[in-house]
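Comments concern the structure below.
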Amino acid sequence: MLHAIIDIGSNTIRMAIYEIEGEHIDMLMKKKHMVGLASYLKDGVMQQEGIDKAVGVLQEFRSFLGSFRITDITAFTTAALRNARNSREAVEEIERRVGFSIQVISGDEEAEFDFIGATHNIAEDSGILADIGGASTEVVFFEERKIVKKVSLPMGSLMLHSKYSADILPTSEECRKMREEAEQIFGEAVDFCGVSHENICGIGGTFKGAMALGNALFSMEISNTCMKAEKLREMIRRFQRDHEPGPRDIAVLMKTVPDRMHTLLPGLVIADVLARNFSSDMIIYSDSGVREGYIYDRIIGK
């Protein structure tokens, strides 16, 4: 069967279409829009402009699916709408205007789906999994391919950019403030005190962008999916606004992460905070995450 999964995130709204046969899934195509829903949260309330932006994208997706008579549709939303004070009202309005239901998944569920999706494609039996979104960061510590600890942290790349950065690229001082907040929030995750591992498995847009940018900057193969954690710090330093990155670096940035130029450094700051606190030396990127995890758990696993 053909099944569409729509992920309404804090930074992007994505639709992926899968062919599901038994326990095998094959992603046929995906579409995304950079909407930045988290930036439409004012005093914790999702603004009408943000709701309208989401509706516009979802109506486009619905029309596309209708053209191919794809009726198996699952839509879920994460931190931006989940954390809004008017979450229920906003989701109900979006559902009424687009014509299909939307599940609001919890931070715990998001972390579990991340884990299930990612561990289908990595060889590691133990480690730390991280998904840095626009308004939240999910972290999972696993051993023997089972979850030991999980947490959804209220920090994300778009949230930090909106709060601290006055321009597309942040300054060193703005990055310092982002780091301080990320350290404070991580420090409140007391269950993770003392947890360490040499590897972090990173999923989602921040880690995908970090890998693409790192491969281009450091002359790695385009298909490379591993990076030394210290490279995160080098990229943060090179692209701070007051460091005045040169034309070559700017060209690489524009070519590799055109949609994430404003959120990549805040995301890298969060990634670096995680790597330092977990004493991790290596970042391993996995291209599977919450959408695939949802399929394995809620569709195939029924």
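Values for this structure:
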read-out	value
Loop-located trypsin sites (Lys or Arg not before Pro) in the stretch 1-97, at most 16 other Cβ atoms within 10 Å (DSSP)	Arg69, Arg85
Potential extension, Asp72-Glu221 segment - 0.36 nm per residue separation minus Cα distance	49.9 nm
FRET E, pair Glu234, Arg96, Förster distance 45 Å, beta-carbon r, rounded to 0.05	0.40
Nearest-ten-degree value, helix 264-277 long axis tilted from longest Cα axis of the chain	70
In the stretch 55-136, the chymotrypsin sites (Phe, Trp or Tyr not before Pro) that fall in loop regions by DSSP, at most 12 other Cβ within 10 Å	Phe68
Cα pair distances exceeding 28 angstrom across the stretch 17-158, given as percent	27
Cross-link reach list, lysines versus Lys150, counting only Cα pairs under 27 Å and skipping chain neighbours closer than eight places	Lys163, Lys177, Lys208, Lys228, Lys231, Lys302
Folded to 0 to 90 degrees: helix 87-98 orientation relative to the chain principal axis, Cα	50
Most fluctuating residue given options Ser157, Ser172, Ser223, as computed from a GNM of the chain linking Cα atoms under 10 Å	Ser223
Separation between Cα centres of the stretch 175-202 and the stretch 232-302, rounded to whole Å	15
Aspartates and glutamates with Cα under 18 Å of Lys32, excluding same-chain neighbours fewer than 8 positions away	Asp7, Asp52, Glu60, Asp131, Asp259, Asp287, Glu292
The chain: calculated mean residue ellipticity at 222 nm from DSSP helix runs of at least 4, using -39500 (n - 2.57)	-12500 deg cm²/dmol
Proxy reagent accessibility, fewest Cβ within 10 Å first, across Ile185, Ile295	Ile185, Ile295
With eigenvalues of the C-alpha gyration tensor scaled by 5 and rooted, the stretch 238-302, Å	32, 18, 9
Fewest-first sequence of Cys175, Cys193 by Cβ atoms within 10 Å of each Cβ	Cys193, Cys175
Principal axes of the stretch 108-285: Cα extent on each, largest first, Å	46, 35, 24
Mean separation of Cα contacts under 8 Å (6+ apart) over length of the chain, as relative contact order %	19
Prolate/oblate/rounded call for the stretch 39-116, Cα gyration tensor, a/c under 1.5 rounded	oblate
Length-normalised contact order for the stretch 108-285 - Cα pairs under 8 Å, 6+ apart - percent	27
Size-normalised alpha-carbon gyration radius of the stretch 118-196, reference 2.2 N^0.38 Å	1.27
Per-residue Cβ neighbour rank within 10 angstrom, fewest leading, Glu144, Glu234	Glu144, Glu234
Beta bridge orientation in the stretch 108-285: antiparallel %, DSSP, nearest 5	65
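Computed from the coordinates by the stated procedures, all read-outs in this text should not be read as laboratory data. Values in this document were obtained by computation on a predicted structure and should not be read as measured data. Cβ: placed from backbone, ideal geometry, glycine included. Neighbour counts: every protein chain shown.
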